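Can you read through this structure? Questions will come right after.
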Amino acid sequence: MFFMRTARIVAYLVFAVGILNVIGGFGYASGIIEQAPLPNGDTPPPIRTGPMIDKGMYMAAAALALGTLAEIGMTLRRMVSLGASSDRRLS
C-alpha cells in the first residue's frame, strides 16, 4: 500500500511540474513571459521553447500513466480485501 500511495503522490507532483513546463514554454514562445537580464547587463541566451513544451507533455503523460496504475493497484487491493472479508463471514 505504501508504494501505491507514493506513486499517486509522485504522479500528482510530476503532472503539476509537466503542466507548468508546458505553460512556461507557451508563455516564453508567445512573449507573455520575458527573460530577466543578467546581473552584469548582458542578455541571457534564448530559451528553446519546443523542447520545454515537449518535456512537459512527456512528463504529464507519464504522470497520467503512473497515476492510472496506482489507482488500478489501489482498486485491486480494495477488491481483494473485500473478497477476503466476505469469505471469512461465510465460514
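Listed residues Leu66, Leu20; which is touching a Lys or Arg at 6+ places or on another chain (Cβ under 9 Å) and modelled with pLDDT of 95 or more?
Of Leu66, Leu20, the one residue that is touching a Lys or Arg at 6+ places or on another chain (Cβ under 9 Å) and modelled with pLDDT of 95 or more is Leu66.
I've got another one for you. Among the residues of the range 33-56 satisfying the criterion of being closer than 28 Å to Leu66 by Cβ and charged (D, E, K, R), which is least open to solvent (accessible area, probe 1.4 Å)?
From the range 33-56, those closer than 28 Å to Leu66 by Cβ are 47-56; that's our starting set.
Those still in the list that are charged (D, E, K, R) too: 48, 54-55.
On the way: Arg48: 179, Asp54: 84, Lys55: 119 Å².
Once the filter is applied, the top-ranked residue is Asp54.
State the number of residues belonging to the range 46-66 that are farther than 8 Å from Asn21 by Cβ and β-branched (Val, Ile, Thr).
Number of matching residues: 2.
Six or more apart or on different chains, Cβ under 9 Å: which pairs go from a residue in the range 1-15 that's without any contact (Cβ under 8 Å) to a residue 12 or more places away in the chain and basic (Lys, Arg) to one that's loosely packed, with under 11 Cβ neighbours inside 10 Å and in a helix (DSSP H, G or I)? Could you list them?
Listed by first residue and then by second, the contacts come to nothing, as the list is empty.
So which of Tyr12, Tyr28 ends up being of a type in the set (Ser, Thr, Tyr), assigned to a helix (DSSP H, G or I) and touching a Ser or Thr at 6+ places or on another chain (Cβ under 8 Å)?
Exactly one residue qualifies, and that residue is Tyr28.
Tell me which of these Ser30 doesn't satisfy, since it passes every other one: (1) of a type outside the set (A, V, I, L, M); (2) within 23 Å of the chain's Cα centre (by Cα); (3) open to solvent by less than 80 Å² (accessible area, probe 1.4 Å).
Of the numbered conditions (1) of a type outside the set (A, V, I, L, M); (2) within 23 Å of the chain's Cα centre (by Cα); (3) open to solvent by less than 80 Å² (accessible area, probe 1.4 Å), the odd one out for Ser30 is (2).
The values are calculated or read from the model by the stated rules, or taken from the named source; none is laboratory data. Everything quoted here is computed from the prediction, not taken from an experiment. For neighbour counting, all protein chains shown are included, and Cβ atoms are generated from backbone atoms with ideal geometry for every residue, glycine included. Heads up: the accessible areas ignore ligands, DNA and RNA and are worked out on the full protein's heavy atoms, side chains in. Shrake-Rupley method; radii C 1.70, N 1.55, O 1.52, S 1.80 Å.
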